[in-house]
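A.B. asks: So that we are looking at the same thing, I have put the structure below in structure tokens.
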Amino acid sequence: MTPIVQARSLVKKFDHIVAVDDVSVEIEKGEVIVIIGPSGSGKSTFLRCLNALEKIDSGQIIIDKEILDTDAKKIHDIRLEVGMVFQQFDLFMHLSVLENLMLAQRVVRKRSRQNAEQIAREYLGRVGLADKADSFPAHLSGGQKQRAAIARALCMNPKIMLFDEPTSALDPEMIGEVLDVMKNLARGGMTMVVVTHEIGFAREVADRIIFFEAGKIVESGPTDEILSSAKHPRTMEFLSKVLK
Amino acid sequence: MKRRFRRNETLRARFVRRVNYLLICIAFLIGILIYAPDVLADGLDDVRSRGVLFVGTDATYPPFEYADETTREIVGFDIDLVRAICDNLGLRVEFTVVPFDAIISGLNSRKYDCIISAMTITPERAEAILFSEPYYDAGQSIAVSTDDKTILSFEDLKGKRIGAQLGTTGEMLARKIENATVKSFDNIGEAFRDMANGNLDAVINDKPVSQQIIIARGKAKLVGPTLSSEQYGIGMRKGEERLKRAIDDALTELRAQGIYSDIDEKWFGAPPIPAIPKSFPGMIWSILRYLAPAVPMTILITLCSFLLAIIFGIVAALARIGRNRVVGGLSKAYSDIVRGVPLIVQIFFIYFGLGSIFHLGEFWAGALAIGICYGAYLAEIFRAGIQAIPHGQSEAALSLGMNHWQVDRHVILPQALRMVVPPVANEFIACLKDSSLVSIIGLRELTRAGREYLSWTYIDFATWLMVGALYLIMTLALARLSRIIESRYRIPGLGTQI
């Protein structure tokens, strides 16, 4: 079976700084990957390359057998397959939670209002926000916002979900509710790539861990192997700090 | 006896007699040629025998002669005057309407007996026809304050402060006066008010118009003879000396009897409307009644201008933010140029400057000028509004599969537009006030209506007070409306809380 995500020799530069330096990763369908590493190591940039929010300078990305190039139509098609959740939630401020979930379904998927609302309410129920449908983002807690953002991405029926530090902007007591939603999603068989510092989450649901530093993959392997017996000294040093 | 004498005359004597006869004949012929009109056909006798004076006129020059809109009858100052002359002479009058350029040849081909058509007596015309004594002096006159005793004639104007109407012969005359300070006004009524306020020593303007103003409001008087000679005369065929004498005598009598000044008052006196009530509330009511119909035009031009401004503003803001550098540069140039030039200059430029290329009426020229001007300001506001929307909003929308247009349409603009409601409402109120500038190109909106009312009534204080009050009512209503819209469409968590 061909991997659902294939990234080959990706290079991404910002002016003269190389943010992603010759990175190759393959992800199988249903796999949950956790990317860890220090700040500024290029892990978020790598994630953003996967749905073309960043334009790569060289290399190749193949998602579900489609090559991601600069063609706008192709980018658009691939983004439909790839959902993304951001550190700052980025719910649309002027729309209610329900409308946030319905907007892209209506204008991109061209679903009817009724159909879109039905789907939106279903996902709101799954993330435990059925009663917040008519609230505005400003009136939600951070954890509720992030759960709504996850539901918003899921409404588009993506094959892959990307999470860019989804709990970093949350108060500690709200991290759990978001991770629970993500765990359920993982158990449901969703292909997920998660950039996070939550090693507990990784231990529980990740199939593989990738350790990034200075734009390169320093080490990657099955979760247990990396967590218990990392080979590279930088990985060991990083893990010893976050597990403390 | 004579015959015998003749028979006996010498050949030489016979020759002399024949030459003499020939000379007498030639002299007689010359006499006929010289005195022919008087001798052969006297116009006055002709007119008296038929009892009707035929008069040619070009009835397209109010208030001297024109066809009344409803009755289609020919009326005017000249018409009343010639009727009065005919009354005096015991004649009836019949008019023939002729284009002005054919009016002299019509007279000479005897289609009518005389011409009255606001015709200025010029040396060229006096070669072709005979003129009566001038019956109307349409020259420039000097008006001074009623209590002024220093200015008696043109010579006394040196070094004085003189008012005139922009672009008139009066202004040209004023500029020739040594050391005089000339102040030009759009409307001559304003010059008279400025003089009443003590800012001018004299006003030079068309005599009939000045007369009208003085009759209506007092506080000024005409001094000295008229400055330029533009005198109107009644035209007759050359040689009709007796008819001329009769008409001149009649004119003298009309003047003496006061009939002339009655006619003058009727056509050049104060216009009958509006009748101004004496009481203050009555006056205010009369002003408001006059101004009210102009309010919808102020609202309409403000709405049209601002709609154009919003369109220009959004396009320019998107162009400025967009990736295309050329388009962005053009948009920046638009903002910089338009914001650096006074709106009134832009209005003149579009109405008069571009008016020769594209014909825009004063409404659309005004709306376009204001729209372009406010578009440049709105572009900056929209740009700031759009850039205030966090970048994550568009990234989130893009990651959901929206294209750039959908992101702008559904995510960025709805938020940006709501955030800019307060500053845009301020611009709208400013736009309403600036719509008054369009009055200078003649659009009949509130300010223009105020000036019109003033030009007839000369009530300055109360008129401008009411114009101001009407603007204030509209701007206060708009401010209130803007607060309602603001609170209604406020995005929770964004912008200021109310």
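Every number here is computed from the coordinates shown, using simple stated rules; none is lab data. Predicted, not measured: the structure shown is a model, and the values here were computed from it. Neighbour counts are summed over all protein chains in view; Cβ atoms, including those assigned to glycine, are modelled from backbone coordinates with ideal geometry.
A.B. asks: Can you give the mean number of other chain Cβ atoms that lie within 10 Å of the Cβ atoms in peptide B:404-411?
C.D. replies: Values: counts 1, 1, 4, 1, 0, 1, 8, 8.
For peptide B:404-411, the averaged partner shielding equals 3.
A.B. asks: What does DSSP give for the protein assembly as shown in terms of the percent of beta bridges that are antiparallel, rounded to the nearest 5?
C.D. replies: Around 55 percent of the beta bridges assigned by DSSP in the protein assembly as shown are antiparallel ones.
A.B. asks: Given the options A:M156, A:M182, A:M93, which has the most mean-square fluctuation in a GNM of chain A, springs set between C-alpha atoms less than 10 angstrom apart?
C.D. replies: A:M93
A.B. asks: Let me ask you something else. For the pairs B:K207/B:K238; A:K13/A:K74; B:K160/B:K221, note any where the Cα-Cα span goes beyond 28 Å.
C.D. replies: Details: B:K207/B:K238 30 Å; A:K13/A:K74 22 Å; B:K160/B:K221 17 Å.
Violating the 28 Å Cα-Cα cut-off are B:K207/B:K238.
A.B. asks: Just the number, please: percent antiparallel of the DSSP beta bridges in the range A:149-237, rounded to the nearest 5.
C.D. replies: Antiparallel bridges: around 55 percent, rounded to the nearest 5.
A.B. asks: When the Kirkwood radius is taken over all Cα pairs of the protein assembly as shown, what Stokes-Einstein diffusion coefficient follows at 4 °C and 1.567 mPa s, in µm²/s?
C.D. replies: My calculation gives 37 µm²/s for D.
A.B. asks: Taking a cut-off of 17 Å between Cα atoms, list the aspartates and glutamates near B:K219, but don't count ones fewer than 8 places away on the same chain.
C.D. replies: Reachable aspartates and glutamates: B:D147, B:D148, B:E190, B:D194, B:D201, B:D460.
A.B. asks: Counting other beta carbons within 10 Å of each Cβ, put A:K132, B:K238 in order, fewest first.
C.D. replies: The order, fewest Cβ neighbours first, is B:K238, A:K132.
A.B. asks: Quick check on chain B: helices-only [θ] at 222 nm, where DSSP H runs of length 4 and up contribute -39,500 (n - 2.57) each and the sum goes over total residues. Nearest 500, please. Numbers along the way, then the final one.
C.D. replies: Working: 22 runs with 286 residues, N = 498.
Result for chain B: -18000 deg cm²/dmol, rounded to the nearest 500.
A.B. asks: B:K332: which aspartates and glutamates have alpha carbons under 16 Å from its alpha carbon, excluding same-chain residues fewer than 8 sequence positions away?
C.D. replies: Answer for B:K332, where 16 Å is the Cα cut-off: B:E380, listed by chain and number.
A.B. asks: Largest first, please: the extent of the C-alpha atoms of chain B along each principal axis, to the nearest Å.
C.D. replies: So the extents along the principal axes, rounded to whole Å, are 144, 55, 51.
A.B. asks: Quick one: divide the alpha-carbon radius of gyration of the range B:197-302 by 2.2 N^0.38 Å and tell me what you get.
C.D. replies: Ratio of Rg to 2.2 N^0.38 Å for the range B:197-302: 1.64.
A.B. asks: Restricting attention to the alpha-carbon atoms of the range A:86-132, what are Rg (one decimal) and Dmax (integer), both in Å?
C.D. replies: Computed over the Cα atoms of the range A:86-132, radius of gyration and Dmax are 10.7, 30 Å.
A.B. asks: Let me ask you something else. Need one number: the % of Cα-Cα pairs in the range A:1-83 sitting beyond the 21 Å mark.
C.D. replies: Of all Cα-Cα distances in the range A:1-83, 25 percent exceed 21 Å.
A.B. asks: Additional query: Loop-only chymotrypsin sites (Phe, Trp or Tyr not before Pro) in the range B:99-173, please: DSSP not H, G, I, E or B, and at most 11 other Cβ atoms within 10 Å.
C.D. replies: none
A.B. asks: Given 20 °C and 1.002 mPa s, compute D for the range B:394-498 with the Stokes-Einstein relation, Rh being the Kirkwood radius over Cα pairs; round to the nearest whole µm²/s.
C.D. replies: 126
A.B. asks: Rank these for me by crowding, B:E124, B:E155, B:E395, going from fewest to most other beta carbons within 10 Å.
C.D. replies: In increasing order of surrounding Cβ atoms, one gets B:E124, B:E155, B:E395.
A.B. asks: While we're here: Given contacts defined as C-alpha pairs under 8 Å and at least six residues apart, what's the relative contact order of chain B, whole-number percent? Working shown, then result.
C.D. replies: Working: 684 pairs, mean separation 64.8, N = 498.
Here the relative contact order equals 13 percent.
A.B. asks: Separate question: For chain A, what is the Kirkwood estimate of the hydrodynamic radius, computed as the reciprocal of the mean inverse distance between distinct Cα atoms, to one decimal in Å? Walk me through the numbers on the way to the answer.
C.D. replies: Values: mean 1/r = 0.0540 Å⁻¹.
Across chain A, the inverse of the average 1/r is 18.5 Å.
A.B. asks: Please get the size of the charge dipole for the protein assembly as shown, origin at its Cα centre, with Cβ charges of +1 on Lys and Arg and -1 on Asp and Glu, quoted in debye to the nearest 20.
C.D. replies: My answer is approximately 1800 debye.
A.B. asks: Roughly how crowded by other chains is peptide A:102-111, in terms of the mean Cβ count from those chains within 10 Å of each of its Cβ atoms? Show your work: numbers first, answer last.
C.D. replies: Values: counts 0, 6, 9, 2, 1, 11, 7, 2, 0, 0.
Counting Cβ atoms of other protein chains within 10 Å of each residue's Cβ and averaging gives 4.
A.B. asks: Rank by packing, highest mean first: peptides A:38-51, B:336-349, with packing defined as the count of other Cβ atoms within 10 Å averaged across residues. It would help to have the intermediate numbers written out before the result.
C.D. replies: Working: A:38-51: 21.3, B:336-349: 14.4.
Highest to lowest by the protection proxy: A:38-51, B:336-349.
A.B. asks: Give me the inter-chain shielding for A:81-94: mean count of other chain Cβ atoms within 10 Å, whole number please.
C.D. replies: Other-chain Cβ atoms within 10 Å of each residue's Cβ, averaged: 6.
A.B. asks: Separate question: Expressed in nm², what is the orientationally averaged projection area of the convex hull enclosing the Cα positions of the range B:422-462?
C.D. replies: Reported value for the Cα convex hull: 3.5 nm².
A.B. asks: Then there's this: Taking a 23 Å limit on the Cα-Cα distance, which of the listed pairs A:K216/A:K241; A:K110/A:K159; A:K55/A:K231; B:K111/B:K266 fall beyond it?
C.D. replies: Result: A:K55/A:K231; B:K111/B:K266 exceed 23 Å.
A.B. asks: Right, next: Taking R0 as 30 Å, what's the FRET efficiency between A:M236 and A:S9 from their Cβ-Cβ distance, rounded to 0.05?
C.D. replies: Plugging the Cβ-Cβ distance into 1/(1 + (r/R0)^6) gives 0.65.
A.B. asks: Could you work out, for the range A:54-188, what percent of all Cα-Cα pairs fall into each 10 Å distance bin, beginning at 0 Å and stopping at the bin that holds the largest distance?
C.D. replies: In whole percents, the pair-distance histogram is 12, 40, 33, 14, 1.
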